[in-house]
Amino acid sequence: MNASHESTVLIACEILRPDLDRLQAKIAPHVSIHYLDQDLHRQPQRMAAILQDTIDRHGGEAGRIVMGYGLCCNGVVGIRAHRQQLIIPRIHDCITLFLGSRRDYECQFKQCPGTYYLTESWIEHDKDPLGTMRKEYTPKLGREMAEWGMREEMKHQVRIALVESGTGDGVPECVRRRARENAEFFEKQYEELRGKPEFLQRLLVGPYDDDDFIILPPGTELTQRMFF
């Protein structure tokens, strides 16, 4: 299905902003994008209500609504669009969008399931392990307990992978340095992965096919089963 003539509202996580803004300027100036705070996925019990409110507030301006979210710890379960199609990528989290396809994500998972993925935007928002440890944990717990807690969270990871989505001119050197610093500090393997922009492009302009997207008629509620 590809209905590029219809007006599109895209509701997306703030973490996708740099990549989607670059693509929007090139291929989809007609698409209206509304970003939500990147910490929303850390509160999955509140996520559906906030997403639903955003859908309801912007539904009047859309021929269709596309979500820049995956299943996200079931945070999207229960949402619906009342007057138009609701389209959501059939993925578990945003790393698949940065890598370019579900096949690429599955390949990486089989190669190294214990991977902590980083992107330019995660690092710039201090949502990498070092940023989380220093900005969130240390003020609450003190440096020693913050480091212990972060190392516990990371203990099953063997690799830190920096993903470059392919929407721009490459990863800024400051981002690369920070990614390497994370790997060195937490004693993990370091790798850089070159993603592809195709999945992000399809969020904006399609095509929206049944293999990679869940396409819900007006009034239909999103369920967990639809992702599998």
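Name the one entry in L40, L71 that is at pLDDT below 95, surrounded by fewer than 19 Cβ atoms within 10 Å (Cβ to Cβ) and aliphatic (A, V, I, L, M).
Working: L71 fails: surrounded by fewer than 19 Cβ atoms within 10 Å (Cβ to Cβ).
Checking each option against the conditions leaves just L40.
Which of the residues belonging to region 114-127 are aliphatic (A, V, I, L, M) and assigned to a strand (DSSP E or B)?
Our first condition is that a residue be aliphatic (A, V, I, L, M); within region 114-127, this holds for 118, 123.
The one that is aliphatic (A, V, I, L, M) and assigned to a strand (DSSP E or B): L118.
Scan region 70-105 for residues that are within 16 Å of the chain's Cα centre (by Cα) and either under 17 Å from I160 (Cα atoms) or in a strand (DSSP E or B) (or both) and report the count.
Going through region 70-105 one residue at a time, the tally reaches 11.
With the structure loaded, tell me whether F98 is among the aromatic types (F, W, Y), surrounded by 21 or more Cβ atoms within 10 Å (Cβ to Cβ) and out of contact with any helix residue (DSSP H, G or I) (no Cβ under 7 Å at 6 or more places or on another chain) or whether it fails that test. Reasoning before the result, please.
On the way: among the aromatic types (F, W, Y): yes; surrounded by 21 or more Cβ atoms within 10 Å (Cβ to Cβ): yes; out of contact with any helix residue (DSSP H, G or I) (no Cβ under 7 Å at 6 or more places or on another chain): yes.
When the stated conditions are applied, F98 passes them.
Anything in region 4-37 that is surrounded by fewer than 18 Cβ atoms within 10 Å (Cβ to Cβ) and touching a Lys or Arg at 6+ places or on another chain (Cβ under 7 Å)? List them, or say none.
Across region 4-37, the qualifying residues are E6, Y35.
The values are calculated or read from the model by the stated rules, or taken from the named source; none is laboratory data. These numbers were taken from a predicted model, which means no experiment stands behind them. So basically every Cβ, Gly included, is an ideal-geometry build from the backbone, and we count neighbours across all protein chains shown.
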